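The structure appears right after this line, and notes come after that.
The values are calculated or read from the model by the stated rules, or taken from the named source; none is laboratory data. The model shown is predicted, which means the values in this text are computed figures rather than measured ones. Using ideal geometry, Cβ is built from the backbone for each residue, glycine included, and neighbour counts are taken over all protein chains shown. Areas reflect the complete protein model, heavy atoms only, side chains present, ligands, DNA and RNA absent. Shrake-Rupley method; radii C 1.70, N 1.55, O 1.52, S 1.80 Å.
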Amino acid sequence: MDVGAVLIAVAGVGGTLGGALLTQRGADRAKRRELETTRAFEEAREHRELRRGCYTELHRDARQFATALSRHLYVMRDRTAEAEDVQALERSKDTYRDRWSEALMIASDPVVAAAHDVNEALTSVYGQVKRLEQGNPRPGETPRSAAEAQHALWSLIDTMRKSMRADLGVTDRLPHSTAPSHERLEAMREDFGGAEDS
């Protein structure tokens, strides 16, 4: 038996087996990368859906809280707020507060910044409304000033909404501040104009 032929045969078999092994390892690596990419895509999709749900609820609850503040101001203008009026405002505030807490854990930084402005403004208007309700306003706080502050909430909520849409990729435009409707502002001032003098 020729030793050279045996060595060539062993080298050939070894090369064939080694090539198969390298091919298998390469295929395993490619499959692992594919699984990691798929997992990352799924996680990103799930996170986007989580943010979408959170943003929808935060936007809705901020609008409902702003509306409840407006409703409460009109109640205070027309009559003494009763227990059910106060409870309705408190429920709206509590629902919004819970949603705001959730958003702080889920929202992107640009959305948190816009939502923070809304939160600060809602809290400020709520404080004014409660002080007026209790007959203990700070200097310069009147039903009209509270109504104007409440009206200004809508442009902040709109800016927050635009920031949310940009974060979700619904729009490419960056949020711009929206001025409150002049006609609605004048109508609100007319509604609360006489309340300042009482």
With +1 on the Cβ of every Lys and Arg and -1 on the Cβ of every Asp and Glu, the dipole magnitude of region 51-164 about its Cα centre, in debye rounded to the nearest 20, is 200
Radius 14 Å from Cβ of Gln87, net charge of other residues (Lys, Arg +1; Asp, Glu -1): -2
From the mean inverse distance of alpha carbon pairs (Kirkwood) and the Cα radius of gyration, derive Rg over Rh for region 1-109. 1.67
List the relative contact order of region 30-98 as a percent without decimals, with contacts defined as Cα pairs under 8 Å and 6+ residues apart. 34
Kindly express, to the nearest 10 degrees and within the range 0 to 90, the angle between helix 109-133's C-alpha long axis and the longest C-alpha principal axis of the chain. 20
Percent carbon-and-sulfur accessible area, the chain, ignoring ligands, DNA and RNA, probe 1.4 Å: 54
In degrees rounded to 10, the 0-90 angle between helix 3-78 Cα long axis and the longest Cα principal axis of the chain is 0
Would you calculate, for the chain, the mean residue ellipticity at 222 nm contributed by helices, counting each DSSP H stretch of 4 or more residues as -39,500 (n - 2.57) and dividing by all residues, to the nearest 500? -30000 deg cm²/dmol
Can you compute the modelled spin-label distance between Ala5 and Thr67, with each label point 7 Å from Cα toward Cβ, in nm? 9.3
Checking rank on 116-124, 16-24, 137-145, with mean other Cβ inside 10 Å and highest first, the result is 116-124, 137-145, 16-24
Nearest-ten-degree value, helix 83-106 long axis tilted from longest Cα axis of the chain: 30
Taking each pair of different alpha-carbon atoms in region 33-76 once, compute 1/r for the pair, average those values, and report the inverse of that mean as the Kirkwood hydrodynamic radius in Å to one decimal. 12.9
Which residue, Thr38, Ala83, Met105, has the largest displacement toward the positive end of the dipole of the chain when charges sit on each Cβ (Lys, Arg +1; Asp, Glu -1)? Thr38
How large are Rg and Dmax for the chain when only the alpha carbon atoms are used, in Å? 31.0, 120
Please give the charge dipole size of the chain, origin at the Cα centre, charges +1 on K and R Cβ atoms and -1 on D and E Cβ atoms. Round to the nearest 20 debye. 640
Can you pull a Stokes-Einstein diffusion coefficient for region 5-58 at 10 °C (1.306 mPa s), Rh from Kirkwood over Cα pairs, as a whole number of µm²/s? 108
Using alpha-carbon pairs under 8 Å, 6+ residues apart, how would you state the relative contact order of the chain in percent? 21
Heavy-atom accessible area per residue of the chain, all protein chains kept, 1.4 Å probe, expressed in Å², is 62
Full-stretch length increase - Asp191, Glu82 - with 0.36 nm per residue and alpha-carbon distance subtracted: 37.2 nm
Between Ala81 and residues 5 or more places away or on another chain, which pairs have amide H atoms under 5 Å apart, with H built 1.01 Å from N, and which residues are they? none
